[in-house]
Amino acid sequence: MDLERLLSDRLAPAFGAVAGGPVDPLVRRSPRADFQSDAALALARRLGRPPRDIAAAVLAHAVLDDVGVSAEVSGPGFINLTVADLALADMVSGLAGDARLGVPVTAAPQTVVVDYSAPNVAKEMHVGHLRSTVIGDAAVRLLDWLGHRVVRVNHLGDWGTPFGMLIEHLADLGEVGATHELSMGDLDGFYRAARVKFDADEAFRERSRLRVVALQGGDERTLRWWRLLVAQSERYFLTVYDLLDVTLSDDDFRGESAYNDLLAEVVDDLDRLGMLAPSGGADCVFPAGFSGRDGEPMPLIVRKSDGGYGYPATDLAALRQRVGELGATRLLYVVGLPQRQHFAMVFAVARAAGWLCPPARAEHLGFGSILGADGRMLRSRAGESVKLVGLLEEAVTRATDLAQQRNPELDAEAAAEIGRAVGIGAVKYADLSTDRSKDYVLDWERMLALDGNTAPYLQYVYARIRSMSRRAGTTARPDTPLVLTLPAERALAVELLGFAAVVGEVERSLEFHHLAGYLHRLATAFNAFYERCPVLRAPDELRESRLLLAELTARTLRQGLHLLGIRTPERM
């Protein structure tokens, strides 16, 4: 039951009748009632009437009695909405027997392609890959749970001129030596060694250039060595994804090389459509609405002056393939905000070429950076990018140490299991609870705190409910009559009814801090309920009712955290 939507649906016709056209009732939670509408204040200037008069006229038209809702005009023109105890209890009871907690499977499933993570072959994943991977995985989990057909795409950087240098270095080491070095997981060391030789040795540079030609020309030995680089890198990436507990698998790897055979066709089509124009020896498209600082039209370079293809051509080919072959109707690109203009231009060109037409739409899910305590880009002490594995291992170590400090009776295996769930959860939640368009500071103390808007706090509340259920020695029955006698019970019941609304909002916006914020409000409401409403010591009728409220809270926390990719340990 989406109570917020129900109230909006009931008030909308009444506002429409008063305003003479469609009006969003702007129903929100309120500290003065269960819900509040402030749309009358927004209408006052447009209608030239006092907002209290508008609110009163709306209530004269509204039909609310049949859903057990009372309403009154408050303050300068707010409409306060209060749900009757019996009606509220009936709505929450409906959740108890619903495996999906009031969240329906979508009636209009789409094919959604989610492009995320995208590390580079022969380079280790660093902290800059964290946000794309975590946000993309949350999008996949949520959209899949809602019934959409979700296609994961891990767009690997596995092609281009640097591979001449890398393959030539591999050739110098020999396959056996290179395989051993790469299998040790030191991809950055392999890359740096190749780079040093490239920068210092003209003969090596020349061989590297010739190796690029051989790679692009399909030389079999060169391709074999290239495949070795890709395979060893993919094995490493999978170990990172396993530690991070995301759903990406080896089936989801799709490198830039996969689009090579489509690039010439993309350029030919753009030329046939009259969209291609020469500029500085390169073949470009000048999408409408984009200009540089000098006011001149900005080009999207699809074929470089040397005849090679850059990222724009690959991205256009990928988009075209995803819409045409995969039938995608929603394309999500989880890439940092610095790439915003690039994707805006790619999407504009694709629309102008007729490759991206309704119902298909593309969205750039941009995100900010992770900062250190100094407010600058997070770096290691040596000034290098922080390796993602190192960051995750530190999170697990810190969480494991805290678990052992708080619960000295835990054995090593149990502490390690809790440490992994809490440490990885803390890293993910710190990211997803932040507006993704903003930067955030990596603060271990805050991330791992058992209070505040953190994953450990939510996990602790879940574990507390599970502990209470074990002490009760019984599981709450879904058909248990709910009795709401105290304000804290009502507040928790109203929060439980908000899950469907927030999931629907996040399905549209993919702004996961709204889901995180909801889960924090729910956990806070439960803690207030737990402190003010005795459960195990309550009389039988109240005891069973309160156990059911606790069980529904645990189920909602578990499902919500699962959508964020965060585990819920039974004990902490």
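The values are calculated or read from the model by the stated rules, or taken from the named source; none is laboratory data. On a predicted model such as this, the values are computed, not experimentally measured, just so you know. Cβ placement follows ideal geometry from the backbone for every residue including glycine, while neighbour counts extend to all protein chains displayed. All accessible areas refer to the heavy atoms of the entire protein, side chains included, with ligands and DNA or RNA removed. Shrake-Rupley method; radii C 1.70, N 1.55, O 1.52, S 1.80 Å.
Identify, from the list Ala395, Ala344, the residue that is over 26 Å from Val150 (Cα atoms), open to solvent by less than 40 Å² (accessible area, probe 1.4 Å), of a type outside the set (Lys, Arg) and in a helix (DSSP H, G or I).
Ala395
Quick one: how many residues across the stretch 490-500 are in contact (Cβ under 8 Å) with a residue 40 or more places away in the chain, in contact with a helix residue (DSSP H, G or I) (Cβ under 6 Å, 6 or more places away or on another chain) and under 19 Å from Pro534 (Cβ atoms)?
2
Which of the residues that make up the stretch 407-419 are without any contact (Cβ under 8 Å) to a residue 40 or more places away in the chain and in a helix (DSSP H, G or I)?
Of everything in the stretch 407-419, those that are without any contact (Cβ under 8 Å) to a residue 40 or more places away in the chain and in a helix (DSSP H, G or I) turn out to be Ala412, Glu413, Ala415, Ala416, Gly419.
Among the residues of the stretch 237-295, how many are part of a helix (DSSP H, G or I), of a type in the set (A, V, I, L, M, F, W, C), open to solvent by 40 Å² or more (accessible area, probe 1.4 Å) and in contact (Cβ under 8 Å) with a residue 12 or more places away in the chain? I'd like the intermediate steps shown before the answer.
Going through the stretch 237-295, the residues part of a helix (DSSP H, G or I) turn out to be 237-244, 250-252, 256-272.
Cutting the leftovers down to of a type in the set (A, V, I, L, M, F, W, C) gives us 237-238, 240, 243-244, 258, 262-264, 266-267, 270.
Now narrow it down to the ones that are open to solvent by 40 Å² or more (accessible area, probe 1.4 Å): 238, 258, 262, 264.
After this cut, where a residue has to be in contact (Cβ under 8 Å) with a residue 12 or more places away in the chain as well, the list is 238, 262.
Looking only at that region, the number is 2.
All but one of (1) open to solvent by less than 40 Å² (accessible area, probe 1.4 Å); (2) in a strand (DSSP E or B); (3) not acidic (Asp, Glu) hold for Val323; which doesn't?
(2)
For residues that are more than 24 Å from Pro119 (Cβ to Cβ) and either open to solvent by 30 Å² or more (accessible area, probe 1.4 Å) or in a loop (DSSP other than H, G, I, E, B) (or both), tally how many sit in the stretch 347-367.
11
With the condition kept exactly as written, say whether any residue in the stretch 510-521 is farther than 14 Å from Arg464 by Cα, acidic (Asp, Glu) and touching a Lys or Arg at 6+ places or on another chain (Cβ under 8 Å).
yes
The rows are residues; the columns are (1) free of Cβ contacts under 8 Å to residues at least 24 places away in the same chain; (2) over 14 Å from Gly77 (Cβ atoms).
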residue: Leu7; (1), (2): no, yes
residue: Arg10; (1), (2): no, yes
residue: Gly16; (1), (2): yes, yes
residue: Ala19; (1), (2): no, no
residue: Ala40; (1), (2): no, no
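Looking only at the stretch 308-320, count how many residues are within 17 Å of Ala277 (Cβ to Cβ), part of a loop (DSSP other than H, G, I, E, B) and of a type outside the set (Phe, Trp, Tyr). Let's see the steps before the verdict.
As a first pass, look at the stretch 308-320 and keep what is within 17 Å of Ala277 (Cβ to Cβ): 309-310, 312-313, 316.
From what is left, the residues that are part of a loop (DSSP other than H, G, I, E, B) are 309-310.
Within this subset, residues satisfying the condition of being of a type outside the set (Phe, Trp, Tyr) are 310.
Of the residues in the stretch 308-320, 1 are within 17 Å of Ala277 (Cβ to Cβ), part of a loop (DSSP other than H, G, I, E, B) and of a type outside the set (Phe, Trp, Tyr).
State yes or no: is Val427 under 21 Å from Asp137 (Cα atoms) and in contact with a helix residue (DSSP H, G or I) (Cβ under 7 Å, 6 or more places away or on another chain)?
Yes; evaluated as a whole, the condition is true for this residue.
Taking the stretch 413-452 on its own, how many of its residues are polar (S, T, N, Q) and either more than 19 Å from Ala373 (Cβ to Cβ) or over 21 Å from the mean Cα position of the chain (by Cα) (or both)?
1
Which of the residues spanning the stretch 368-387 are assigned to a loop (DSSP other than H, G, I, E, B) and at pLDDT 80 or above?
Taking the stretch 368-387 first, the residues assigned to a loop (DSSP other than H, G, I, E, B) are 368-369, 372-376, 378, 380-384, 386.
Result: Gly368, Ser369, Gly372, Ala373, Asp374, Gly375, Arg376, Leu378, Val386.
Taking the residues in the stretch 526-549 that are surrounded by fewer than 20 Cβ atoms within 10 Å (Cβ to Cβ) and of a type in the set (Gly, Ala, Ser) as candidates, determine which candidate is modelled with the highest pLDDT.
Ala528
Search the stretch 1-60 for residues being in contact with a strand residue (DSSP E or B) (Cβ under 9 Å, 6 or more places away or on another chain) and in a loop (DSSP other than H, G, I, E, B), and hand back the single one that is surrounded by the fewest Cβ atoms within 10 Å (Cβ to Cβ).
Arg32
State all residues of the stretch 501-524 that are touching a residue at least 40 places away in the same chain (Cβ under 8 Å), assigned to a helix (DSSP H, G or I) and among the aliphatic types (A, V, I, L, M); if no residue qualifies, say none.
If the condition is that a residue be touching a residue at least 40 places away in the same chain (Cβ under 8 Å), assigned to a helix (DSSP H, G or I) and among the aliphatic types (A, V, I, L, M), then Ala501, Val503, Val506, Leu515, Ala516, Leu519, Ala523 are the ones that fit.
Residue by residue through the stretch 428-446, note down the ones that are in contact (Cβ under 8 Å) with a residue 40 or more places away in the chain, more than 15 Å from Gly560 (Cβ to Cβ) and open to solvent by less than 20 Å² (accessible area, probe 1.4 Å).
Scanning the stretch 428-446 gives Asp431, Tyr440.
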